[in-house]
Structure formats: C-alpha cells, structure tokens
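The values are calculated or read from the model by the stated rules, or taken from the named source; none is laboratory data. Model, not experiment: these values are computed from the prediction. We place every Cβ from the backbone using ideal geometry, glycine too, and count neighbours over all the protein chains shown.
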Amino acid sequence: MMWVPILFVGGLILIFLEVYLPGGILGSIGGGMIFASMILSYRYYPNYAPFIIGGEILLTGFVLYFWVKTFHTTRMGKKLILDQSLPSVESNLQKYVGKEGITLTPLRPVGIAQIAGERIPAKAEGMFIGKGKRVQVIGFSGKEVIVKEMKEKEGENG
C-alpha cells in the first residue's frame with residue numbers, strides 16, 4: 001500500500017534527474033512510475049483514487065511550475081542556460097550601407113556580392129541583377145544587405 005506515494009515521489013525525482021542526465025530514459029521511467037502510482041491507487045484505494053489522482057496531478061503541475069520559474073536562478077540552471085547574447089546582425093550589416101561593390105553571382109533576388117572586400121549575402125532591390133554588376137548597398141534586412149544596381153555612366157565601358 002505504500003507503493004503509491006513511493007512510486008509518485010520516485011517518479012518526480014527521476015524526472016528532475018532527467019535535466020541533469022539527459023537522454024529520455026530517466027524521464028520516461030519517472031513518467032511511468034507516476035502513471036503506475038495512479039493505477040495502483042485504484043487497486044489499493046478504490047474509493048479515494050479520484051482524489052489521489054487529482055492530488056497527484058495538481059502536485060505534479062505545481063512542482064513543475066515552481067521548478068520552471070526558479071530553475072534559472074539556481075547554480076545548475078545558470079550553468080545550463082546560455083545567457084550570452086550574440087552580436088546583432090544589424091550592427092554588423094549597418095557598416096555596409098552606402099558602400100559600393102560588385103555582384104559575384106546573379107541576384108534573383110538573392111545572391112552573393114563583394115562589398116568592401118567581403119563576400120556577403122545580398123538581395124536585389126528589384127527582381128534581378130546580373131553577375132558582375134556594380135551595386136550600392138541601400139539597407140539591410142535580416143542577414144543580408146539590400147542593394148540596387150548602379151547605372152553605368154555615359155562613356156564608361158563595362
């Protein structure tokens with residue numbers, strides 16, 4: 001008869017250990033133990049089983065909610081959760097606005113351009129810019145710069 005609370009508490013402990021030893025096995029066994037405690041509650045306590053199961057569900061939900069809210073403040077949580085932010089892509093691409101370059105691939109509308117000596121993803125302002133065309137960066141969106149084709153000057157061969 002003591003198996004119901006033992007299985008329930010053991011299942012919760014195994015689910016918590018799953019965080020530190022990932023792989024799915026401990027969490028699956030823990031979930032199975034909690035489920036087994038619910039089934040055994042019907043066998044040993046048929047009159048009280050709905051209340052026991054309801055209590056187990058509420059307690060499991062409360063414990064998991066509390067754990068999710070406080071885990072990131074624990075020493076282990078700080079080790080497991082990445083708190084470093086990556087440099088903004090926008091700050092990296094801002095330096096290209098206004099610069100000129102040349103397309104290394106056709107932009108249909110996305111391709112590669114060489115701007116300020118670097119190969120970077122570029123998106124055509126219109127629908128298509130051919131390979132080897134002079135372009136100017138007019139902005140950026142996401143991980144690519146937006147370019148427009150520069151018109152050839154009178155008398156220039158190119």
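Among residues of region 52-73 that are within 14 Å of Val19 (Cβ to Cβ), those with a beta-carbon under 8 Å from a residue that is among the charged types (D, E, K, R) and assigned to a helix (DSSP H, G or I) at least six positions away or on a different chain give the pairs His72/Lys78.
Count, please, the residues in region 12-34 that happen to be exposed (fewer than 14 other Cβ atoms within 10 Å of the Cβ) and among the aromatic types (Phe, Trp, Tyr).
Here the count works out to 1.
Within region 16-27, being without any contact (Cβ under 8 Å) to a residue 40 or more places away in the chain and either closer than 21 Å to Gly55 by Cα or outside any helix (DSSP H, G or I) (or both) holds for Leu21, Pro22, Gly23, Gly24, Gly27.
Of all residues in region 60-88, those satisfying the criterion of being of a type in the set (Ser, Thr, Tyr) and modelled with pLDDT of 75 or more are Thr60, Tyr65, Thr70, Thr73, Thr74.
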